[in-house]
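I have placed the structure first, in the form of structure tokens, so that the comments after it can refer back to it.
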Amino acid sequence: MVPWVYEFHWTAFHVTFLLIFFTVFVTVAATIIIALRRTQQDEQQHRMESIQWHSDFEDLAPAMKVCRHELNGDVQHRVCDNEFDCRSCTLHPVFSARKKKGSLLQYEVYGFSMPPYRLYHRGHTWVQQEDDGTFKVGIDDFGSRIIGRPHSIELPPIGSHLSVNGRGILVRRSDSTIRLLSPIDGEVIGHGNSEKGWYLKVRADNPERATTHLLKAEEVPNWILREMERLQFSFATSGVGATLADGGELVPDFHKHFPKADWDSVLGQMFLEA
Amino acid sequence: MDKLLIPRGLQRTTFEKFLLWIIPWLALLAVGAYAIYLCLAEGLFHTNMDNRFAFGIWIFLDLTVIALGAGAFFTGFLLYILRRKELKAVINSAVVIGLICYSGAVLVLMVDVGQPLRAWFTFWHPNTHSMLTEVTFCLTCYLIVLLIEYVPIVLKNRQLRQIPKFLVFEFELHKLMPVFAGIGTFLSFFHQGSLGGLFGVLRGRPFAFREELGIWPSTFFLFVISAAAAGPSFVMLTTTLVEKITRKRLVKDEVYRFLGKVSGCMLIIYVLLKSIDTLIWINSTSPGNGFPAFEFYATQSFGTWILFTEIVVLGLIPALVLLSSRLRQNKRYLFGAGFLVCSGIMLNRFVMTIQTLALPTLPFDNFLTYAPSWEEVAAFAFVIAYGVILYSLTFRYSVIFPQERELGQTNGELSMREFAQSRSVFKQPKFVTRLIDTFSSTK
């Protein structure tokens, strides 16, 4: 059938059949080669973290992807299609321009310490700008209470580069390892710890646009309310049953009340990791 | 270790229970493997086939699983080419089912041919006058495509996705899925068609022989359309079976209804064309070859009831049920109709293989009877056991149903009243209680 095999004849049928077969074969092979080549390029261009987040975000349930402007009541229903990066969103500036000024800013939101001078990431980290233009990064009170007492916290080395929604802080517990998303783009220039109340000091790549995607103090109450709801649902799926009450304040020693919960699953859902 | 392999947020049974589920299938796999060994090592005399009855249970079931596995290509075509996004919920399952069906069919064919070490002959020295050449080439290529489509599902495993290169490769491969979906559709069109065409060109078998439409007999097109009708129904049935076994909701009801609608649309076209084809065969093709068509139904157990069952009971009735939006709302009707569609395809493939070969064609011929040997049955049981094991492992350690997490939350969602009754963890500000009251009343 193939030209150098004895059954082959230079007829229209043989040639057409071979052409079709080899076209299919070449297309399949070329597609695989393209996928491998692109993988290599992604690696060279350091796109691994954004792809990791893209994959995690895609696996989130639609209820977990709601737009911040839905939480704020600016729009009835909207699922974020920018992977929680409002910097590339065309609607975010429109909604933000409509924002009413003069909301009452609270330090404590439903029992959580959420200082209004900080900006919050949907993955429960915060950012605070310092006088020298650098940014401190920490874990918000809600996130800290869910994590409880970790076995260890792994910070990215000084000099390394963080990208928004890439891997920021790695928290290890006995039952789970969870990555916290970086809230900001920039170079790590210092390490903190839980006593200091912050974990990283970062020099932002572009300070003007560095925090556009982060939640402001007036957006925090609605977001926290939704997070409490999410927490309830995440427990409902982890085999705990009817355990949570009707909202209110999260007690600090949260873990003790749910020793049998699937904490790995709860943490994954709350910190947006598939 | 087992827990670390299970995707985060998905509830799976304990490893011990999973083993209890797998062990009987492994036993069946072992019996099947022994039967395959006997057929390959000692010869095909272990089967009840002979030179006259050369197509037995293996070819009949091969044709059936290839038709049922068509859900992979047709769902892929609808999702990636026609952009029916709702099918994203079942595409992984369709691919796994397709892979099981096609790899199982190829395995059984290797045993059936009896010389697996010479399988490459069919590519190097193909019989260019045989429909089976087209089938062999397309089937092999499509199996490769299915394996490629299966790779991203495996790479979604929790531990494998921790390896950045695998995750990125999965991401890049996924972006190119429309190319594979297109190739899969092209290949499936030809091999499904050629499997049908194979019977349509049997001039010596007037029961199966059909007039040509262009270069292909009508059975070519009937096989393609019937496979496209059965594939979505089989995906629907397997998904609901997995739901029943695991006691979880895995896809939303609208996905089932859409699959049912697609299946119904394709089936009504098939029933129409099959009816026209049968009428032409009864009135023209068969008498033209010297056989009044009803003579074929006067023999032994294959009466006209089989034709009526195939076209009306397992064709027209489920098609009408699936096309009715009111009846599709009722799951009993929906899945019942889906079951009839799959049974109809099975009956059609049975008629084309077993009935065709059983009927006498020469004056001195007798009606042939055939019953499969235990080796033949066990060899096919091997495929079923292998399919169940592969599907179970993929379901346990990868994400087959993307909506499972979301639906798991809906299932587990406790009523707000229940939350309010348990006050061990939360204190109760009145504002929150009021808000939750509002939330509860809107549910």
So residue B:243, is it under 24 Å from the mean Cα position of the chain (by Cα), more than 10 Å from every other protein chain (Cβ to nearest Cβ), surrounded by fewer than 20 Cβ atoms within 10 Å (Cβ to Cβ) and not in a loop (DSSP other than H, G, I, E, B): yes
Residue, farthest from residue A:210 (Cα to Cα), within the range A:111-154, restricted to residues that are crowded, with 22+ Cβ neighbours inside 10 Å and of a type in the set (Phe, Trp, Tyr): A:142
Residue list for the range B:309-346, filter: under 16 Å from the mean Cα position of the chain (by Cα) and surrounded by fewer than 19 Cβ atoms within 10 Å (Cβ to Cβ): B:335, B:339, B:343
Some residue of the range A:1-19 being closer than 25 Å to residue B:185 by Cβ, facing another protein chain (nearest Cβ under 10 Å), free of Cβ contacts under 8 Å to residues at least 60 places away in the same chain and part of a loop (DSSP other than H, G, I, E, B): yes
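Quick grid of which residues meet (1) surrounded by 21 or more Cβ atoms within 10 Å (Cβ to Cβ); (2) more than 12 Å from chain A (Cβ to nearest Cβ); (3) within 30 Å of residue A:274 (Cβ to Cβ); (4) of a type in the set (S, T, N, Q):
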residue	(1), (2), (3), (4)
B:111	yes, yes, no, no
B:154	no, yes, yes, no
B:168	yes, no, yes, no
B:174	no, no, yes, no
B:182	no, no, yes, no
B:193	yes, yes, no, no
Hey, residue A:84 at pLDDT 85 or above, under 23 Å from residue A:206 (Cβ atoms) and touching a His at 6+ places or on another chain (Cβ under 9 Å) or not: yes
Test: residue B:370 is among the hydroxyl-bearing types (Ser, Thr, Tyr), over 30 Å from residue B:295 (Cβ atoms) and either modelled with pLDDT of 95 or more or not in a helix (DSSP H, G or I) (or both): no
Flag if residue A:29 is among the small types (Gly, Ala, Ser), more than 13 Å from chain B (Cβ to nearest Cβ) and free of Cβ contacts under 8 Å to residues at least 24 places away in the same chain: no
Of the criteria (1) over 22 Å from residue B:342 (Cα atoms); (2) surrounded by 20 or more Cβ atoms within 10 Å (Cβ to Cβ); (3) of a type in the set (A, V, I, L, M), which one residue B:90 fails: (1)
Check on residue B:59, in contact with a helix residue (DSSP H, G or I) (Cβ under 9 Å, 6 or more places away or on another chain) and at pLDDT 95 or above: no
Residue tally, condition closer than 19 Å to residue B:142 by Cβ and among the β-branched types (Val, Ile, Thr), over the range B:104-132: 4
Any hit, the range B:130-148, residues being under 18 Å from residue B:80 (Cα atoms), surrounded by fewer than 17 Cβ atoms within 10 Å (Cβ to Cβ) and either of a type in the set (Phe, Trp, Tyr) or more than 9 Å from every other protein chain (Cβ to nearest Cβ) (or both): yes
Residue that is nearest to residue B:105 (Cα to Cα) [pool: residues in the range B:16-58 that are part of a helix (DSSP H, G or I) and aromatic (Phe, Trp, Tyr)]: B:58
Some residue of the range A:77-87 being of a type in the set (Val, Ile, Thr), away from chain B (no Cβ under 14 Å) and exposed (fewer than 14 other Cβ atoms within 10 Å of the Cβ): no
Residues within the range B:279-288 that are surrounded by 15 or more Cβ atoms within 10 Å (Cβ to Cβ) and polar (S, T, N, Q), tallied: 2
Qualifying positions in the range A:158-178 - surrounded by fewer than 17 Cβ atoms within 10 Å (Cβ to Cβ) and either among the aromatic types (Phe, Trp, Tyr) or assigned to a loop (DSSP other than H, G, I, E, B) (or both): A:158, A:159, A:160, A:174, A:175
Selected residue (only one of A:33, A:51 is surrounded by fewer than 16 Cβ atoms within 10 Å (Cβ to Cβ), of a type in the set (Val, Ile, Thr) and on the phi < 0 side of the Ramachandran plot): A:33
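The values are calculated or read from the model by the stated rules, or taken from the named source; none is laboratory data. Given the structure is predicted, the values throughout are model-derived calculations rather than measurements. Methodologically, a virtual Cβ is constructed for each residue, glycine included, from the backbone with ideal geometry; neighbour enumeration extends over all protein chains shown.
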